[in-house]
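Report on one structure; see the data block that follows.
The values are calculated or read from the model by the stated rules, or taken from the named source; none is laboratory data. Predicted model only: the values in this text are computed from it and were never measured. Using ideal geometry, Cβ is built from the backbone for each residue, glycine included, and neighbour counts are taken over all protein chains shown. Accessible surface areas use protein heavy atoms only, side chains included; no ligands, DNA or RNA. Shrake-Rupley method; radii C 1.70, N 1.55, O 1.52, S 1.80 Å.
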Amino acid sequence: MTGIDFDGFDHEAHMRAAFDLAREAAARGDEPFGSVLVRDDTVVMTESNRVNTESDIRRHPELDLAYRACNEFDPDERAEIVMYTSTEPCPMCAGGMARAGFEGVVYSVGGDEIAAFQGTEPSTRASEILDDTRVVGPVLNEEGRQIHDDFDW
């Protein structure tokens, strides 16, 4: 892990930006997931779920941001990036994030909670895949859960 001032980041503001993207996704007809990439406590990239509207199962915001970050930032820059995401990354997204080499990920709603909303079994937790990445959560869990309460799972 790098020497970035992670504790000095405005975690709540960045998480609420991810929440706004999750709400936008739901309003558009996609599942309610949104993510932002933050470097030096500044949002540098955003994305929301587009699986349904793009007819592409890969369009999870976390995976899309990992891909884009690998094209736009060098490895040292990516090592200073933290992803804020409305929901704990699924195994596919966590794998992409591990490959990107981000400093950390901060999530609101855990994968176990999403499984309960969806009526499925919990999948592998992000922390099991992101060995060298700081994983923090839940943050603003009640606000994040409300987005899923409002969504018609």
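Summary of values
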| read-out | value |
| --- | --- |
| FRET efficiency estimate (nearest 0.05) - Cβ-Cβ, GLU54 to ASP74, R0 25 angstrom | 0.35 |
| Share of carbon and sulfur in the accessible heavy-atom surface of the chain [1.4 Å probe, %] | 43 percent |
| Accessible area of the chain divided out per residue, in Å², using a probe of 1.4 angstrom | 48 Å² |
| Hydrodynamic radius by Kirkwood, which averages 1/r over all alpha carbon pairs of the chain, in angstrom | 15.0 Å |
